[in-house]
1. Taking only DSSP H segments of four or more residues, each worth -39500 (n - 2.57), what value at 222 nm results for the chain once the sum is divided by all its residues, to the nearest 500 deg cm²/dmol?
2. Between helix 374-386 and the chain, what is the angle of the helix's C-alpha long axis to the longest principal axis, kept within 0 to 90° and rounded to the nearest 10?
3. Which shape class, rounded, prolate or oblate, goes with the stretch 79-122 when its Cα gyration tensor gives a ≥ b ≥ c as root eigenvalues, a/c under 1.5 marks rounded, and past that a/b bigger than b/c marks prolate?
4. For the chain, what does the relative contact order come out to in percent, with C-alpha contacts under 8 Å and a separation of six or more?
5. Can you put 321, 189 in order, fewest other beta carbons within 10 Å first?
6. To the nearest 10 degrees, how steeply does helix 406-416 sit against the main Cα axis of the chain, on a 0 to 90 scale?
7. Taking the Cα atoms only, what angle lies between the long axis of helix 13-45 and the longest principal axis of the chain, rounded to 10 degrees?
8. Could you list 353, 182, 429 so that the one with the fewest beta carbons within 10 Å of its beta carbon is first and the one with the most is last?
């Protein structure tokens, strides 16, 4: 797996996008099954309080994966650009720095959360009834965080190098392992939330091992030495900060979900009790299916845009952007129709209590009522990431959740109670979609002109004027 750019030079943009998008969507879906499978098993074999406990623990899991994606997206974007530029030295340095960052940051964060887990879990909205269950779950899943994130970073790097199915394979192996062990530990042995957490950690380690076995091809191709002296010599703060700058908007997108979850848990707990937390837990798990479709297509577009930006093929870059908008719109509408029609059986898969189920169905349909419009919003974010405009990408990434939803949910719950929380979702989605239209117009109007002055067959002088 060397400097192979054949997949990017395919003139059929739709075919290239599908090669990236389908594995990305399926792998994200499979990845999301980790927490979802835990939720299904504990909900059916333990009860609603267990779902509430995992809902409270969700921000911790989201924070860990957000850190992994921060590095993974930043590193893969730099790798794709280096591939387009045929810059092997930059590519290798990016890989080494990304892996070093992941290990150091995740060890520090996992230890910190474990030490301060009691005040953290309480702050996440756990009641005295829910706390013991959340505490058990969080204490165990912290072990798997470093393996999960190292696997994610390695898979994103391999995807940027053209191995579009590696993340799918890795996540599938992990998810299947999780389902089997969850059933054995929770359904058969009755280990409760501890069994669900152990199943998650074990499956993350299995997925990590598979990813590292595949990553040996990258190591061999680029002659990388995974030794402490080599990691130390490769440290480059410019690359580290570059990775963080590019991946930061993805981090904000992920972490904003955690922040919103914390605020909602506390708000809903105070006005609707543990039942409201159970409902939002089920609603967010199911609505994640639509987000997976949107994020999968958006992230699939990113390496293609980044490669063409690096190789200065701006026409193809904008064609990719246009096709991605069309694809994400059609796909999200299709998924939305399915979820709206089959809401009861889908939500009912998590909840057996008929009273809670009826409330959850109503809440779910309100929350996702205009969700397909959000596809454009995420396409814009990932586009600006790909071309290195970190400021625009960052501003957009904090806009929907942090700047619109959070203030809105406080206002709406003050006037309409629990119903106000559900209504805040479609209102913030519509505002974000309208705002993204402005940025999309700017993206298409941005001009890139190239002039080539050939001196001989193999050499030419290139002047790029960016307006």
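1. Numbers: 17 runs with 377 residues, N = 467.
Calculated at 222 nm, the ellipticity per residue is -28000 deg cm²/dmol.
2. For 374-386 against the chain, the angle is about 40 degrees.
3. On the way: a/c = 9.83, a/b = 3.72, b/c = 2.64.
It comes out prolate by the Cα gyration axes.
4. Values: 718 pairs, mean separation 101.5, N = 467.
Result for the chain is 22 percent.
5. Values: 321 23, 189 10.
Fewest-to-most Cβ neighbours within 10 Å comes out as 189, 321.
6. That works out to roughly 30 degrees.
7. Tilt relative to the chain: about 20 degrees.
8. Numbers: 353 14, 182 26, 429 22.
Placing the least packed residue first, the sequence is 353, 429, 182.
Values in this text are rule-based calculations from the coordinates and carry no lab data. Since the structure is predicted, the reported quantities are computational estimates derived from the model, not experimental observations. Note: ideal-geometry Cβ built from the backbone for every residue, glycine included; neighbour counts use all protein chains shown.
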